[in-house]
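Notes for the one structure printed next.
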Amino acid sequence: MSDRGRFAGRTVGVFFGGVSAERDVSLRTGAAAAAALRRKGYAVREIDIREDWLGTVRGSGVDVAFLALHGRYGEDGCIQAACELARLPYTGSGVAASAIAMSKLLGKRMAASEGVPCAPDAVYEGPALSGARPPAFGFPLVVKPDREGSTVGITIVREHSQWEAALEEAARHDARVLVEGYVPGREITVGIVNGRVLPAIEIVPKSGFYDYHSKYTAGQTEYVIPVPMDRDILLRAAEYTRRAAHAMGLRGAARLDYRVDPAGNVFFLEANTIPGMTETSLLPKAAKFDGLSFDDLVEEILSDAGLSK
């Protein structure tokens, strides 16, 4: 873990809001992080960033940026690039790592390069989207925009009659559509903070599908920690998290999602480089279970802020 208090006496800018489909979630993350930093004694300036991103960063008057932006322009390397140009130290992953992780396709390819299992997939973009046929690995499928978060635009397709509508829905959000073989079983998520892998959490949506409604509607999803699963499976998920994070070059805090099939095989889905940070979000839940309070977690994330070397 990094030395804490590195930015003591400095003004921390909490950048949140943005213009992505996850703006409302970002507002909550930013408010919670700002409150935690104030409780830790930092001078905090809250900055809702919506336009002229580079100008806002350069004119922010802060010493370090705590990034609480989700989705496009927040997790895809754009705000990170603005901070690099302004020479303003910032939390989390750098420009390249953020862009790689934002693309589910590139994230999977990088994870697979380190031996992390992934579900079979096919990519559709540009002219290939028109009249496209389902991939040879067959139904059921998961059809998703490649560079979108919070399960926006995702559909589980169980039969051919659902295929065209699912492809169109995903294409509304991204010119590149990723189609994966559906992995039956259970879903877990594993957080990592400055190299420290946190305990897994099992995600159990009442609807059976962890969509936007299940994520952000109270009482629609159960989060289970510790996970009632064989220790060997959880150890493999932790090791895959280390490998995938290293392959993508992730820094600071991240959360990686997996499916576990009935045979106990673990498949990587995607990485979230700026996970939700309200006190009831998944990363803080895992940190608390591991003995790290919410305020300490926020300060730990801040402690690793920097610029690309």
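Listed by position, the helices (runs of 4 or more DSSP H) contained in the stretch 50-138 that have at least 2 residues being buried (at least 24 other Cβ atoms within 10 Å of the Cβ) are 78-86, 95-102, 104-113.
Restricting Glu114, Glu164, Glu159 to those that are touching a helix residue (DSSP H, G or I) at 6+ places or on another chain (Cβ under 9 Å) and of a type in the set (D, E, K, R) reduces the list to Glu114.
Here's the yes/no breakdown for (1) among the polar types (S, T, N, Q); (2) at positive phi; (3) within 14 Å of the chain's Cα centre (by Cα):
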| site | (1), (2), (3) |
| --- | --- |
| Phe267 | no, no, no |
| Thr273 | yes, no, yes |
| Ser281 | yes, no, yes |
| Pro284 | no, no, yes |
| Leu292 | no, no, no |
| Val298 | no, no, no |
| Ala305 | no, no, no |
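Test Gly9 against the criterion of being of a type outside the set (Lys, Arg) and surrounded by fewer than 17 Cβ atoms within 10 Å (Cβ to Cβ), and give yes or no. Can you show your working first?
Working: of a type outside the set (Lys, Arg): yes; surrounded by fewer than 17 Cβ atoms within 10 Å (Cβ to Cβ): yes.
The answer is yes for Gly9.
Could you list all residues from the stretch 264-286 that are touching a residue at least 60 places away in the same chain (Cβ under 8 Å), small (Gly, Ala, Ser) and surrounded by fewer than 24 Cβ atoms within 10 Å (Cβ to Cβ)?
Within the stretch 264-286, Gly276, Ser281 qualify.
Filtering the stretch 162-187 to residues that are under 20 Å from the mean Cα position of the chain (by Cα) and in a helix (DSSP H, G or I) leaves only Ala170. Evaluating Tyr258 against the criteria (1) at pLDDT below 95; (2) among the aromatic types (Phe, Trp, Tyr); (3) under 18 Å from Cys118 (Cβ atoms) leaves one unmet condition, (1). Residues in the stretch 3-49 that are on the phi > 0 side of the Ramachandran plot, touching a residue at least 40 places away in the same chain (Cβ under 8 Å) and part of a loop (DSSP other than H, G, I, E, B): 2 in all. Filtering the stretch 139-161 to residues that are touching a Gly at 6+ places or on another chain (Cβ under 6 Å) and either without any contact (Cβ under 8 Å) to a residue 60 or more places away in the chain or part of a strand (DSSP E or B) (or both) leaves only Pro145.
Being in contact with a strand residue (DSSP E or B) (Cβ under 6 Å, 6 or more places away or on another chain), part of a strand (DSSP E or B) and closer than 20 Å to Ile274 by Cβ is the filter here; which residues of the stretch 189-203 pass it?
Within the stretch 189-203, Thr189, Val190, Gly191, Ile192, Val193, Ile201, Ile203 meet the criteria.
The values are calculated or read from the model by the stated rules, or taken from the named source; none is laboratory data. Please read all numbers here as calculations on a predicted model, not as lab measurements. Note that we place each Cβ from the backbone using ideal geometry, even for glycine, and neighbour counts take in every protein chain shown.
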